[in-house]
1. Would you tally the residues in segment 87-137 being touching a residue at least 40 places away in the same chain (Cβ under 8 Å) and in a helix (DSSP H, G or I)?
2. Hand me the list of strands (runs of 3 or more DSSP E) wholly inside segment 245-345 holding 3 or more residues that are in contact with a strand residue (DSSP E or B) (Cβ under 7 Å, 6 or more places away or on another chain).
3. From the list 230, 207, pick out the single residue that is under 18 Å from residue 283 (Cα atoms), touching a helix residue (DSSP H, G or I) at 6+ places or on another chain (Cβ under 8 Å) and surrounded by fewer than 23 Cβ atoms within 10 Å (Cβ to Cβ).
4. Looking at 101, 167 in this structure, which one is at pLDDT below 85 and not assigned by TED's automatic domain parsing to the domain that holds residue 229?
5. Does segment 176-186 hold any residues that are assigned to a helix (DSSP H, G or I) and within 23 Å of residue 382 (Cα to Cα), and which are they?
6. For segment 187-230, enumerate the residues that are part of a loop (DSSP other than H, G, I, E, B) and either touching a residue at least 60 places away in the same chain (Cβ under 8 Å) or closer than 21 Å to residue 327 by Cβ (or both).
7. Can you tell me how many residues in segment 259-281 are farther than 30 Å from residue 193 by Cβ and surrounded by fewer than 19 Cβ atoms within 10 Å (Cβ to Cβ)?
């Protein structure tokens, strides 16, 4: 304000309105209401920005695109909640901030506006132009932040949609991988002489780091193994596929065949895994057994795997042990085979370490407790035992620290 204006008695211009008016001069205000624009609104708009009037013949959303503020006077719709709701929805989907000019008796509309504080503001209809200009300037200052937040929210929604789509694709791929892995497992279990097999196979996730196979080698011999790859998920599952194809159980020699001894099978498998030079240092454990169903002798070899367990019909429990280290670490590792004499009525269990907490009643590693549980399992039929173990495996929560891939191969020698 200069000295001449002061001598003429001209009141000083409000400093805040002047500065905001200069800053927001390019902004457009859209008048939404029937009848002429009130003088206080027109005067306030001169300070804030350009004033446009809503054309009822055109859609409102298109006119809101260029507006920073929407000045709303409900007029004859003051007590019409449907009109107010619809109008608020259109403004909220636009970049504009809605300012409702209300009279004291417009309580219902005021309550509706207050529920959406931030995107909508209330002002008294008869407020002086200078005070209205201050409120409009403050509302206009909020608008860029709202636009930015809405842009970020839209981007977050797009990212969320993309993430959900990606997760759906991954989920479907994992389902297909799980189905493919199961296709590598025996479709039917062989029945040779008194030997009756049963299996529990429960991956901790979609796919498993466990694999087993039961193969009829000839008229009197059955070969079966259980392998457990370190770790879980897809990397472990991929190695199980390699084990399935690399495991040698029988060789063609001229016009005949030769059953590969278990220790030779594990030695060759160990060498094949080591030759892959896997960068993640993956290794596995395994037990391979060959059963002669005529004399009930079991020849087996072990590579770092839990020992097979024999459950006798009288409740006695025997672990059959043979030395052997992990597979996939030392290329020149040698393995040993041992022979065990089974009897009719015996049950042989070959399992992965994920099954130990199911088979035993105490913590893993307390062999006396596990052996007590083994004695109880011997009193059940094979089907009953596997059903109870399956129920125990399926009842575990996803966050159970003991949750692991579970595989149990049971061999009953029927009397």
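1. Just the residues of segment 87-137 that are touching a residue at least 40 places away in the same chain (Cβ under 8 Å), to begin with: 87, 95-97, 99, 101, 125-130, 132-134, 136-137.
This time we only want the ones that are in a helix (DSSP H, G or I), so: 87, 129-130, 132-134, 136-137.
Counting residues in segment 87-137 that are touching a residue at least 40 places away in the same chain (Cβ under 8 Å) and in a helix (DSSP H, G or I) gives 8.
2. Working: elements: 250-253, 256-259, 284-292, 297-303, 309-311, 317-319, 338-341.
Correct list: 256-259, 284-292, 297-303, 309-311, 317-319, 338-341.
3. Values: 207 fails: surrounded by fewer than 23 Cβ atoms within 10 Å (Cβ to Cβ).
Of 230, 207, the one residue that is under 18 Å from residue 283 (Cα atoms), touching a helix residue (DSSP H, G or I) at 6+ places or on another chain (Cβ under 8 Å) and surrounded by fewer than 23 Cβ atoms within 10 Å (Cβ to Cβ) is 230.
4. Details: 101 fails: at pLDDT below 85.
It is 167.
5. Filtering segment 176-186 for residues assigned to a helix (DSSP H, G or I) gives 176-183.
Residue satisfying the conditions is 182 alone.
6. Restricting attention to segment 187-230, the residues satisfying the condition of being part of a loop (DSSP other than H, G, I, E, B) are 187-191, 193-194, 203-209, 217-220, 230.
Result: 193, 194, 203, 204, 207, 208, 209, 217, 220, 230.
7. Step one: filter segment 259-281 for residues farther than 30 Å from residue 193 by Cβ, giving 270-281.
Okay, now just the ones that are also surrounded by fewer than 19 Cβ atoms within 10 Å (Cβ to Cβ), so 271-272, 274-281.
Matching residues across segment 259-281 total 10.
The values are calculated or read from the model by the stated rules, or taken from the named source; none is laboratory data. Here the structure is a predicted model, which is why all the values come from computation and not from measurement. Heads up, the Cβs are rebuilt from the backbone with ideal geometry, glycines too, and the neighbour counts pull from every protein chain shown.
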